[in-house]
Amino acid sequence: MSERPQSSVRLSMDKLHGWYTTAWVLLGLGPSVIGVENDSGAPKWAALAMLAVLASCYTAVRRFPDNPLLRPQAYLALLALGLSAMGGLPGGGAALFIVSLPQFWLFATGVRASIVLSGAAAAGTVVGSSLRGDESLTGNIVFIFIGYAASVLIGLLIHRLVADGDARAGLLGAELESAQARLAEAHRQQGAANERERMAREIHDTLAQGFASIIVLAEAARSTVASDPERTMQQLVSIEQTARENFVEARVLVGSAPQSGLAPGSVAVTLRRTLDRFTQDTGLTVEAELPPDVECDQQTRIALLRCTQESLANVRKHAAATTVGVVLTQYPHAIELEITDDGRGFVVEDSRGFGLDGMRKRLAELDGDLTVTSSLGDGTRILATIHTNGQP
């Protein structure tokens, strides 16, 4: 149970004790004191002394329940004797007994102790009243036993309700713990799934693209090894460079190298290197507008680079284009990267490529979005937008 519910329970019990104390003083002790005003001699002072003892002991147990001198169980035994004695003294009797009955349920250690001690008090009060020769003895006896029986029934009912409440609380606590465990497991599984998805996206955008480039370059080099040795040499150099870059990216993915694996420089310089490699490898014309003053953080720089790499890979594999256009633009609250080609195009609605979905998710993580415009025979336009909220 948390600290707040425990505090609430303590506050409720304190209020209950407070209300009962007030009732006991006003309806039990007060009338008993008033009842001995017209008496004199030893019985009067004995009754007042007994009332004072009961009040003092109740206060001690109420305020200091863990005191070593008077434990609650010992106090209840003393209360039963005191009520028995008051039955034979002026001011005592059935009324004081009835008002004192709740104490046997508030302070007792169990149901059996409550029933036994309150029963002893009832019997003692009846005996004391009979010794005093009370004129209304028969009515008092009936009143005492009715009150005792009612207290037992009510006490058992409350005890049953409390036990049922505790059982329900235990079940709810167990269900809550089970739900928390399931939620923690769901979070763990979701985290693992998110990490697998992130790794898959990173591998697709880096290693897979690099291996695809190596395959294309190797095939081209094999076809020109006899007819154009110089071209073959350039392709072999590109294969080596791509393999080295893949090695760096692999170290990043396994956490043995600084995040990103990118060389220092502005986003324009980073994209320019990628476009130069693309032109070198494919021979396609690239028209680029990359302002050198565009500023962004490292995450945005990586996202723009991955979008460029994925778009160029799609151009190489699918577009059959002759010209690629790349335009980088910075606005007060956003950075846009537009990549176009004059290739064969495709139907966007029918596209289920992992690359486009990966770009969308990568941009969404940075409060960005991806717009793809294409149709058969009209080329393709990729627009990546990352919102910066005015922050470079």
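The values are calculated or read from the model by the stated rules, or taken from the named source; none is laboratory data. If you're wondering where the values come from, they're calculated on a predicted model, not measured in any experiment. Counting neighbours? That spans all protein chains shown, and the Cβs are built from the backbone with ideal geometry, glycine included. Side chains are part of the model used for accessible areas, which takes the heavy atoms of the whole protein and leaves out ligands, DNA and RNA. Shrake-Rupley method; radii C 1.70, N 1.55, O 1.52, S 1.80 Å.
One line per residue, one yes/no per condition, for (1) in contact (Cβ under 8 Å) with a residue 60 or more places away in the chain; (2) closer than 19 Å to residue 378 by Cβ:
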{"site": "276", "(1), (2)": "no, no"}
{"site": "289", "(1), (2)": "no, no"}
{"site": "296", "(1), (2)": "yes, no"}
{"site": "302", "(1), (2)": "no, no"}
{"site": "307", "(1), (2)": "yes, no"}
{"site": "319", "(1), (2)": "yes, yes"}
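Could you grab me the full set of residues in segment 216-243 that are farther than 18 Å from residue 279 by Cβ and of a type in the set (A, V, I, L, M)?
Matches in segment 216-243: 218, 225, 226, 243.
Please go through (1) open to solvent by less than 40 Å² (accessible area, probe 1.4 Å); (2) at pLDDT 90 or above; (3) in contact with a Lys or Arg (Cβ under 7 Å, 6 or more places away or on another chain) for residue 319 and return the number of the only condition it doesn't satisfy.
The failed condition is (2).
Has segment 90-98 got at least one residue that is touching a Ser or Thr at 6+ places or on another chain (Cβ under 6 Å), under 30 Å from residue 162 (Cβ atoms) and either outside any helix (DSSP H, G or I) or free of Cβ contacts under 8 Å to residues at least 60 places away in the same chain (or both)?
yes
Under the condition of being open to solvent by 50 Å² or more (accessible area, probe 1.4 Å) and touching an Asp or Glu at 6+ places or on another chain (Cβ under 9 Å), which residue from segment 322-337 is nearest to residue 202 (Cα to Cα)?
My answer is 330.
Regarding segment 367-384, can at least one residue be identified that is touching a residue at least 12 places away in the same chain (Cβ under 8 Å), of a type in the set (Lys, Arg) and closer than 20 Å to residue 270 by Cα?
no
Assuming residue 283 fulfils every condition listed in (1) under 21 Å from residue 212 (Cα atoms); (2) more than 45 Å from the chain's Cα centre (by Cα); (3) in contact (Cβ under 8 Å) with a residue 24 or more places away in the chain apart from one, which condition is it?
With (1) under 21 Å from residue 212 (Cα atoms); (2) more than 45 Å from the chain's Cα centre (by Cα); (3) in contact (Cβ under 8 Å) with a residue 24 or more places away in the chain applied to residue 283, the lone miss is (3).
Under 21 Å from residue 337 (Cβ atoms), in a helix (DSSP H, G or I), modelled with pLDDT of 75 or more and open to solvent by 90 Å² or more (accessible area, probe 1.4 Å): does that describe residue 272?
In short, yes.
Test of understanding: among 284, 356, which residue is aliphatic (A, V, I, L, M) and at pLDDT below 85?
356
Going through 170, 155, 210, 165 one at a time, which residue ends up being farther than 30 Å from residue 251 by Cα and either exposed (fewer than 10 other Cβ atoms within 10 Å of the Cβ) or touching a residue at least 12 places away in the same chain (Cβ under 8 Å) (or both)?
So the residue among 170, 155, 210, 165 that is farther than 30 Å from residue 251 by Cα and either exposed (fewer than 10 other Cβ atoms within 10 Å of the Cβ) or touching a residue at least 12 places away in the same chain (Cβ under 8 Å) (or both) is 155.
Would you mention how many residues in segment 174-197 are closer than 20 Å to residue 361 by Cβ and open to solvent by less than 80 Å² (accessible area, probe 1.4 Å)?
So the count comes out to 5.
If you scan segment 366-392, which residues turn out to be among the polar types (S, T, N, Q), in a loop (DSSP other than H, G, I, E, B) and either at pLDDT 90 or above or open to solvent by 70 Å² or more (accessible area, probe 1.4 Å) (or both)?
Once the filter is applied, which keeps residues that are among the polar types (S, T, N, Q), in a loop (DSSP other than H, G, I, E, B) and either at pLDDT 90 or above or open to solvent by 70 Å² or more (accessible area, probe 1.4 Å) (or both), segment 366-392 yields 389, 391.
Going by the structure shown, is residue 363 open to solvent by less than 10 Å² (accessible area, probe 1.4 Å) and either under 17 Å from residue 208 (Cβ atoms) or touching a residue at least 60 places away in the same chain (Cβ under 8 Å) (or both)? It would help to see each step written out before you state the result.
On the way: open to solvent by less than 10 Å² (accessible area, probe 1.4 Å): yes; either under 17 Å from residue 208 (Cβ atoms) or touching a residue at least 60 places away in the same chain (Cβ under 8 Å) (or both): yes.
In short, yes.
Please enumerate the residues belonging to segment 295-316 that are crowded, with 19+ Cβ neighbours inside 10 Å and assigned to a loop (DSSP other than H, G, I, E, B).
296, the sole residue that qualifies.
Quick one: which of 147, 91, 124, 139 is over 30 Å from residue 66 (Cβ atoms), open to solvent by less than 30 Å² (accessible area, probe 1.4 Å) and more than 57 Å from the chain's Cα centre (by Cα)?
Being over 30 Å from residue 66 (Cβ atoms), open to solvent by less than 30 Å² (accessible area, probe 1.4 Å) and more than 57 Å from the chain's Cα centre (by Cα) holds for just one of 147, 91, 124, 139, which is 91.
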